[in-house]
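Written out below as structure tokens is the structure these notes cover.
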Amino acid sequence: MKKTVTIARLATAGFLFSMLSVNTVYAQIVTGGAYHSMFLCNDNTAMTVGDNDYGQLGDGTSQNASTPVPVGSLTGLIALSGGGDHSLFLKQDNTAWATGENSYGQLGDGTTVDKETPVQVNGLTQIEKIASGDYFSLFLKQDGTVWACGENSDGQLGVGTTTDEILPVQVNGLSAMVAMAGGAYYTLYLKQDSTVWATGSNNFGQHGDGTNVGKLTPEQIGGLTEIVGIACGGNHSLFLKQDGTVWACGWNGTGQLGDGTNVNSNTPLQISGLQGIIAIQAGYAHSLFLKQDGSVWSCGRNTAGQLGDGTTVDKNTPVQVIGLTGILALGGGENHSLFLKNDNTVWSCGTNSSGQLGNGTTASDSTVVNVIGLCTLASGVIELINNHLPFNIYPNPGKGIFTVDLPNAKGQTITEMKIMSALGSLVYQTTLSQKQETIYTNLPAGIYFLQLRTEKEMGVKKLVIE
């Protein structure tokens with residue numbers, strides 16, 4: 001069964017950057033479909049690679065590609081999401097577009113006809129986030145409601161029925177949502193109050209509510225608090241807490257819950273030995289974790305080398321992906337993994353039968369390989385959407401001594417500068433008196449967000465300290 005997920009919505013309240021914002025910045029720049037991969041370019045176009053049997057690459061053909069190809073005529077893109085055999089795109093005008101398999105109506109265009117170039121999802125405006133399940137699609141609107149279309153055999157659309165929908169319909173009873181994630185036949189939602197809700201199949205306990213009973217409409221998962229990130233595998237769920245720990249539930253047949261066993265769990269268990277996690281991602285039966293220090297850890301199925309540890313042996317506790325540093329984001333396909341590095345390169349490992357690793361071959365690899373032929377990738381969705389106050393930071397990456405330059409303030413006075421950790425904690429604050437000023441910090445190596453405010457505007461940029 002094919003699976004991938006993208007998650008998160010911009011947490012704008014006070015611009016306090018929790019893990020939601022970290023995922024928003026990067027998670028939809030590099031993302032995996034079941035057997036294809038997607039990349040958001042700095043010019044707001046997209047490139048794709050891998051399986052194209054249903055037109056999911058969006059290049060107007062049904063030919064697989066082992067190096068990235070441009071997506072049709074789409075411009076103005078700010079986010080991507082890969083489903084089983086379909087792809088979703090979010091534009092700056094808050095419309096959604098889709099291409100690929102459409103047998104269940106997952107493209108949301110009112111038909112069940114596959115498409116080789118993107119078509120607009122019908123009837124939806126003001127879309128803020130997109131996400132994909134196996135054969136269904138999810139859309140988060142600016143008003144905090146969620147809409148869904150596609151396969152609904154287990155109630156994964158959350159509309160109270162098991163009828164497939166070829167046009168987006170509103171998910172029952174949800175408001176103030178900030179994130180969503182799609183599994184094989186189930187869906188998770190994260191609310192602004194950090195509670196988690198679930199609908200659809202629950203036969204492995206992937207809802208984490210202590211039962212194995214499925215649901216046709218979303219119900220809150222009890223016992224989960226301070227959740228800032230969610231991810232769905234095929235039949236397992238990951239939850240990132242504000243304190244940097246990760247919890248998991250559901251199917252554990254290959255160790256994807258990371259608790260040292262292969263026993264399923266219908267209540268969330270803390271993943272062994274993980275602290276300081278800032279991003280999570282799931283393939284069909286493997287799990288990926290990004291640490292504050294830029295290293296990546298993984299567990300679960302490894303038959304194609306998708307854990308990136310140089311072996312093809314499953315792991316039921318997390319192991320470090322070898323040869324990677326400075327990682328900003330993760331992407332997971334059915335049996336492959338993607339990693340965005342702070343030098344704007346992308347690396348991949350795992351199965352490569354359709355060319356989804358993007359290295360020009362169809363040979364699988366248990367160690368990471370470089371995706372070749374890529375565009376310059378987008379530097380972050382926050383910068384594309386909410387950087388109302390342009391400014392520069394240099395050097396970036398740097399050693400903790402850097403210059404902040406505000407060249408076009410138009411007479412505005414800088415009122416404050418804040419630096420937040422990737423988990424949202426305020427780690428540095430000062431008042432700047434000039435439009436160009438050098439800052440000295442003793443912050444440890446890691447990924448941060450620098451917020452600059454004037455009396456009228458505010459801007460945010462990623463800051464990498466080596």
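Report the residue count in the stretch 258-279 for those that are open to solvent by less than 10 Å² (accessible area, probe 1.4 Å) and under 22 Å from VAL313 (Cβ atoms).
So the count comes out to 3.
On the basis of being at pLDDT below 95 and more than 22 Å from the chain's Cα centre (by Cα), does GLY72 make the cut?
Here the answer is yes, as GLY72 does meet what is asked.
Could you look through the stretch 160-178, keep only residues that are out of contact with any Cys (no Cβ under 8 Å at 6 or more places or on another chain) and within 15 Å of THR112 (Cα to Cα), and pick out the one that is least open to solvent (accessible area, probe 1.4 Å)?
Only one residue tops the list, namely ASP164.
Checking ASN344 against (1) part of a loop (DSSP other than H, G, I, E, B); (2) over 26 Å from SER81 (Cα atoms); (3) among the polar types (S, T, N, Q), only one condition comes out false. Which one?
If we test ASN344 against (1) part of a loop (DSSP other than H, G, I, E, B); (2) over 26 Å from SER81 (Cα atoms); (3) among the polar types (S, T, N, Q), just (2) comes out false.
Among the listed residues VAL213, VAL263, VAL296, which satisfies the condition of being β-branched (Val, Ile, Thr), in contact with a strand residue (DSSP E or B) (Cβ under 6 Å, 6 or more places away or on another chain) and at pLDDT 95 or above?
Going through VAL213, VAL263, VAL296 in turn, just one is β-branched (Val, Ile, Thr), in contact with a strand residue (DSSP E or B) (Cβ under 6 Å, 6 or more places away or on another chain) and at pLDDT 95 or above: VAL296.
Name the residues in the stretch 205-224 that are of a type in the set (Gly, Ala, Ser) and either crowded, with 16+ Cβ neighbours inside 10 Å or more than 23 Å from GLN256 (Cβ to Cβ) (or both), would you?
Across the stretch 205-224, the qualifying residues are GLY205, GLY208, GLY214.
Go through the stretch 399-428 and count every residue that is open to solvent by 10 Å² or more (accessible area, probe 1.4 Å), at pLDDT 80 or above and within 29 Å of the chain's Cα centre (by Cα).
4
Table: residues versus (1) among the small types (Gly, Ala, Ser); (2) in contact with a Phe, Trp or Tyr (Cβ under 9 Å, 6 or more places away or on another chain); (3) touching a residue at least 40 places away in the same chain (Cβ under 8 Å).
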{"position": "ALA181", "(1), (2), (3)": "yes, yes, yes"}
{"position": "ASP193", "(1), (2), (3)": "no, no, no"}
{"position": "ALA198", "(1), (2), (3)": "yes, yes, no"}
{"position": "SER201", "(1), (2), (3)": "yes, yes, yes"}
{"position": "GLY208", "(1), (2), (3)": "yes, yes, yes"}
{"position": "GLY214", "(1), (2), (3)": "yes, yes, yes"}
{"position": "GLU219", "(1), (2), (3)": "no, yes, no"}
{"position": "GLU226", "(1), (2), (3)": "no, no, no"}
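Scan the stretch 312-324 and give yes if some residue there is within 16 Å of the chain's Cα centre (by Cα), among the acidic types (Asp, Glu) and modelled with pLDDT of 95 or more, otherwise no.
Within the stretch 312-324, none of the residues are within 16 Å of the chain's Cα centre (by Cα), among the acidic types (Asp, Glu) and modelled with pLDDT of 95 or more.
Taking the stretch 119-134 on its own, how many of its residues are open to solvent by 10 Å² or more (accessible area, probe 1.4 Å), in contact (Cβ under 8 Å) with a residue 40 or more places away in the chain and among the polar types (S, T, N, Q)?
Number of matching residues: 1.
Go through (1) more than 24 Å from GLY33 (Cβ to Cβ); (2) open to solvent by 10 Å² or more (accessible area, probe 1.4 Å) one by one and return the number of the condition GLY294 breaks.
(2)
Take the residues in the stretch 145-159 that are open to solvent by 10 Å² or more (accessible area, probe 1.4 Å) and assigned to a loop (DSSP other than H, G, I, E, B), then tell me which one is nearest to LYS191 (Cα to Cα).
If we take residues in the stretch 145-159 being open to solvent by 10 Å² or more (accessible area, probe 1.4 Å) and assigned to a loop (DSSP other than H, G, I, E, B), then THR145 is nearest to LYS191 (Cα to Cα).
Residues checked against (1) open to solvent by 10 Å² or more (accessible area, probe 1.4 Å); (2) assigned to a loop (DSSP other than H, G, I, E, B); (3) within 30 Å of VAL427 (Cα to Cα); (4) at pLDDT 90 or above:
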{"position": "GLN28", "(1), (2), (3), (4)": "no, yes, yes, no"}
{"position": "GLY110", "(1), (2), (3), (4)": "yes, yes, no, yes"}
{"position": "VAL113", "(1), (2), (3), (4)": "yes, yes, no, yes"}
{"position": "THR117", "(1), (2), (3), (4)": "yes, no, no, yes"}
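Somewhere in the stretch 245-257, is a residue open to solvent by 10 Å² or more (accessible area, probe 1.4 Å), in contact (Cβ under 8 Å) with a residue 40 or more places away in the chain, touching a strand residue (DSSP E or B) at 6+ places or on another chain (Cβ under 6 Å) and hydroxyl-bearing (Ser, Thr, Tyr)?
Within the stretch 245-257 (the criterion being open to solvent by 10 Å² or more (accessible area, probe 1.4 Å), in contact (Cβ under 8 Å) with a residue 40 or more places away in the chain, touching a strand residue (DSSP E or B) at 6+ places or on another chain (Cβ under 6 Å) and hydroxyl-bearing (Ser, Thr, Tyr)), the answer is yes, since at least one residue qualifies.
Restricting to the stretch 181-197, name every residue that is open to solvent by less than 10 Å² (accessible area, probe 1.4 Å) and either assigned to a loop (DSSP other than H, G, I, E, B) or touching a Lys or Arg at 6+ places or on another chain (Cβ under 7 Å) (or both).
Within the stretch 181-197, GLY183, ALA184 meet the criteria.
So which residues in the stretch 66-98 are touching a Gly at 6+ places or on another chain (Cβ under 8 Å), open to solvent by 10 Å² or more (accessible area, probe 1.4 Å) and outside any loop (DSSP other than H, G, I, E, B), if there are any at all?
SER66, THR67, PRO68, LYS91
The values are calculated or read from the model by the stated rules, or taken from the named source; none is laboratory data. All figures in this text were calculated on a predicted structure; none of them were measured in a lab. Every residue, glycine as well, gets a Cβ built from its backbone with ideal geometry; the counts of neighbours run over all protein chains shown. Side chains are part of the model used for accessible areas, which takes the heavy atoms of the whole protein and leaves out ligands, DNA and RNA. Shrake-Rupley method; radii C 1.70, N 1.55, O 1.52, S 1.80 Å.
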